[in-house]
Amino acid sequence: MPSTLLESVRASLTRAARYNPGDVVAPAAVLWTDADDQWRLVVEQLRTLMPELLTLGEYDAATRTGPAIWLRCVIEPTVRVGTFTNLAWPADTVPVIYMPGVSRQTLRAVEECPDALKPVVELQYRGTVWTQKNGKDWTIRAFLVSDDGGLNLHVAEDKLTLQAMEGALAQLAVTPVARLRSKRLEAEDFDRLMIGDTPRDLLLWLSNPEGTRGQWDEGKWSAFRNRCRQDYGFDPETDGEIVGGEKLGQRKDAWCGVWERFAESPALYPGIPDLLRRAKPRGTLIFEKDPWPDENDSMENVLRAALVAIGSMRPAEARRRLEQLEAEHGPRRKWVWARLGLCPLANALEHLAMLAKRTGTMLGGDSADAMAKLYAEGGYLADDGAVRAMACMKTAEDTAAVQTAVRCVYLPWLEDTARHFQNCVAAKALPTVAQQEGIAAEAGDCILFADGLRFDIGQRFAAMVRERQFEVSAGWRWAALPTVTATAKPAVSPVSGRLRGGHLGADFCVEIADSGEGMDIDRFRRLLSTTGYQVLGPVESGDARSTNARGWTEYGEFDKLGHHIQGKLAARIEDQLELLLERVQGLLEAGWKRVRVVTDHGWLLVPGGMPKVQLPKYLAESRWSRCASIKDSSHVEVPVTGWSWNPQERFAYAPGVHCFVAGEEYAHGGVSLQECLVPVLTFSSTGGPASAVVTVREVQWVGMRCRVSVEPATQRLLADLRTKPNVPNSSITEPKTLDTDGKTALLVADDSLEGTMASLVIVDASGRVVCKVATTVGGEK
């Protein structure tokens, strides 16, 4: 978690650039508008942490600053790589353009926009703008106090406090947020930050001696030397940074406090790890290894070699070895170097140890349902451990080492578990589509289909949503067989009762019962519409207020990414879950009472690829990774079972975790718990029981004042205008209590919001939104 204002702003900018590649292209840039130049000092400090941070202004290559036309050129990868070789950032990173003296309102008024800005105006449409949820620019105070995207601090609003806050911004940016919590911050608190902070100054100097010295005048440098000599027995000028680095690493006496300050926010001092590597005493016995990054580097190298060696061990021996390695290297996850991303193998080892523990015994159970119960109660943590371990890696050699260890202990367990499950299914088939309870929505519910949301990933998602204070109900069901989208997606839709299974064709598709037409996406959506469901696009919210409103929407790219990038899917799961969470939250904020997340199938993910089993092409109408449609007269040497839509139709599936295609790390379509047991998750906003039904009778705009009338005139109701219905912090007015006639008037003071869409919400005494309507600020023109 970010520990300072500086790190929090960086994390917020990164979140603003997040996107779902299946729905939209990557933003061209994140625009950071700052009409009052409040953030300039923060930007100067961020430049060392964000190579992708550019600034609008007079050209200065050293600070990555330039005019709009220059910025417009350098954000294009093909132009930057070939022409501006001094500008470099990771290929998947979205550039950020800081725009001092420019407001979002200026950008939006395209025709009145100054000519000098026009080259970047279109980026607000191809990119995104870093703003609060209510659409306003982030100010320093807003970021400090906001509980929705900010730091949720308590800051006084008086003029003296605001002046002191801006004056202390450079120091405030690097002050640990933990020191600012649990009190009301006033002018005195910010003034105190301006008083000499020798530990911070010492760390800044150690991190960048020349740069820091160049920023200080002779008076400050002399005072700094005096404090260092008196407090730390060290003279920066005569002793130099190498001696200072040695003392910092040794952590003796007063230097222990300096180390603790460094450990609070190590990313703020990027030069210190290299300094400690150069300053470490040679020829001296080191009793405490954690302050020295080269000791951590050496232990990472040892661990890498140990993980590679596990590949030649038997599974039981490999599990014991992983337990030993966890005891040796696990403590490094608490070292400061882990926070800087320098302990990836130690981080992966936590998940490898869980994998070793969970794969120690084969998953039991004498039936498919019994195995499912054991798996849902904890067996899925083996899959979770394998995926999380694979997600920790950044370099090729680390990835190879972790994948070797995962494959050694995971693949045998996976194979044994799958074969046991297949034996259970052979003894008693999984329920057909007709034998399972259908998926349907009650009035006010929206069904969200997430393709390939495997059970363990679903549990991780449910935990994430609970942390955001939503209510979660988690269950499971059996996927339709074979576990491919064409078969399994219709089975978890509200129109499954209007479909049937005819002849099992090469594409495993179902038919519309009334017409006998094969299912495709257009017919599927028409069926949903005629069944009474609003079919929503990936960014649409629908009309949750309409009578008997029911919704269907689709989101997430787990399956698509798995097929495309195979084993690299593990590293993308967390981002996909964050995007899915935003979608669920958006639907609830739009007024849907509940969002029910369903999926079609799970999948197998085996680093290094799954073993291949032979199935001659001439025996099959179609042959997929883990299943095949066999010809009527064919006899195959692999298992067969009935199609869930029509059990008389048979298909073949690969035994264990084998594949019909060589080299597949990601696959589905077969019969395993990981593919067949799927989560069903229901999410709702926390809130009390429903009160009397309240409806908005009238919304009338007179200038920027909104007159509201509701019925019935229930006591203790508030009216508010928000950009996000369920987010109080997105209010654009001062909420007011409705009078005894159910009326009030709301004033929007910010003229720049005229013409924008907002939600008029009626809120009860508990803070729950009981009614909402969409409206245009200022009224329709």
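The values are calculated or read from the model by the stated rules, or taken from the named source; none is laboratory data. These numbers come from a predicted model, not from an experiment. Cβ atoms come from the backbone with ideal geometry, glycine included; neighbour counts cover every protein chain shown. In case anyone asks, the SASA skips ligands and DNA or RNA and just uses the protein heavy atoms, side chains included. Shrake-Rupley method; radii C 1.70, N 1.55, O 1.52, S 1.80 Å.
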Which numbered condition in (1) over 20 Å from Gly669 (Cα atoms); (2) touching a residue at least 40 places away in the same chain (Cβ under 8 Å); (3) open to solvent by 10 Å² or more (accessible area, probe 1.4 Å) is the only one that Gln435 fails? (2)
Of the numbered conditions (1) farther than 21 Å from Pro21 by Cβ; (2) touching a strand residue (DSSP E or B) at 6+ places or on another chain (Cβ under 8 Å); (3) surrounded by fewer than 21 Cβ atoms within 10 Å (Cβ to Cβ), Trp552 fails exactly one; give the number of that condition. (3)
In the stretch 447-477, which residues are assigned to a strand (DSSP E or B), open to solvent by 10 Å² or more (accessible area, probe 1.4 Å) and closer than 28 Å to Gly670 by Cβ? Ala474, Gly475, Trp476, Arg477
Quick one: which helices (runs of 4 or more DSSP H) sit completely within the stretch 368-432 and have at least 1 residues that are at pLDDT 95 or above and within 16 Å of Gly609 (Cβ to Cβ)? 381-391, 396-427
Would you please name the residue that is most open to solvent (accessible area, probe 1.4 Å), looking only at residues in the stretch 555-582 that are in contact with a strand residue (DSSP E or B) (Cβ under 7 Å, 6 or more places away or on another chain) and of a type outside the set (A, V, I, L, M)? His563
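Here's the yes/no breakdown for (1) under 27 Å from the mean Cα position of the chain (by Cα); (2) open to solvent by 50 Å² or more (accessible area, probe 1.4 Å):
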{"residue": "Arg333", "(1), (2)": "yes, yes"}
{"residue": "Glu350", "(1), (2)": "yes, yes"}
{"residue": "Ala353", "(1), (2)": "yes, no"}
{"residue": "Asp369", "(1), (2)": "no, yes"}
{"residue": "Lys373", "(1), (2)": "no, yes"}
{"residue": "Gly378", "(1), (2)": "yes, no"}
{"residue": "Asp384", "(1), (2)": "yes, no"}
{"residue": "Val387", "(1), (2)": "yes, no"}
{"residue": "Val406", "(1), (2)": "yes, no"}
Tally, over the stretch 730-745, of residues that are under 34 Å from the mean Cα position of the chain (by Cα) and open to solvent by less than 30 Å² (accessible area, probe 1.4 Å): 4
Does His658 satisfy the condition of being open to solvent by 10 Å² or more (accessible area, probe 1.4 Å), within 29 Å of Trp552 (Cβ to Cβ), touching a helix residue (DSSP H, G or I) at 6+ places or on another chain (Cβ under 9 Å) and touching a residue at least 40 places away in the same chain (Cβ under 8 Å)? no
Considering only residues of the stretch 278-298 that are in contact with a Lys or Arg (Cβ under 7 Å, 6 or more places away or on another chain) and in contact (Cβ under 8 Å) with a residue 40 or more places away in the chain, which is surrounded by the most Cβ atoms within 10 Å (Cβ to Cβ)? Asn296
Extreme residue, nearest to His658 (Cα to Cα), among residues of the stretch 423-432 that are in contact with a strand residue (DSSP E or B) (Cβ under 8 Å, 6 or more places away or on another chain) and open to solvent by 10 Å² or more (accessible area, probe 1.4 Å): Ala426
List pairs: first residue in the stretch 533-562 and part of a loop (DSSP other than H, G, I, E, B), second residue open to solvent by 40 Å² or more (accessible area, probe 1.4 Å) and of a type in the set (Lys, Arg) anywhere in the structure, Cβ distance under 6 angstrom, at least six positions apart or on different chains. Tyr533/Arg550
What number of residues within the stretch 426-441 satisfy the criterion of being more than 34 Å from the chain's Cα centre (by Cα), farther than 16 Å from Ser672 by Cβ and not small (Gly, Ala, Ser)? 4
Confirm whether Ile447 is under 30 Å from Gly501 (Cβ atoms) and touching a Phe, Trp or Tyr at 6+ places or on another chain (Cβ under 6 Å). yes
Enumeration of residues in the stretch 306-325 that are part of a helix (DSSP H, G or I), in contact (Cβ under 8 Å) with a residue 24 or more places away in the chain and closer than 20 Å to Met393 by Cβ: Leu307, Val308, Ile310, Ala318, Leu322, Leu325
Within the stretch 486-530, the residues that are surrounded by fewer than 16 Cβ atoms within 10 Å (Cβ to Cβ) and polar (S, T, N, Q) are Ser515, Ser529, Thr530
Taking only pairs six or more apart or across chains, which ones have beta-carbon atoms under 9 Å, a first residue in the stretch 453-472 that is at pLDDT below 90, and a second residue that is surrounded by fewer than 13 Cβ atoms within 10 Å (Cβ to Cβ) and of a type in the set (Ser, Thr, Tyr)? Gln469/Thr686; Phe470/Thr686; Glu471/Thr686
Of all residues in the stretch 174-223, count the ones that are among the charged types (D, E, K, R), touching a helix residue (DSSP H, G or I) at 6+ places or on another chain (Cβ under 9 Å) and over 17 Å from Glu260 (Cβ atoms). 7
Given (1) in a loop (DSSP other than H, G, I, E, B); (2) in contact with a helix residue (DSSP H, G or I) (Cβ under 9 Å, 6 or more places away or on another chain); (3) surrounded by fewer than 21 Cβ atoms within 10 Å (Cβ to Cβ), where does Met610 come up short, assuming only one miss? (3)
Among Val770, Val748, Val727, which is open to solvent by 30 Å² or more (accessible area, probe 1.4 Å) and β-branched (Val, Ile, Thr)? Val770
Mind counting the residues in the stretch 19-67 that are in contact (Cβ under 8 Å) with a residue 24 or more places away in the chain, surrounded by fewer than 20 Cβ atoms within 10 Å (Cβ to Cβ) and small (Gly, Ala, Ser)? 5
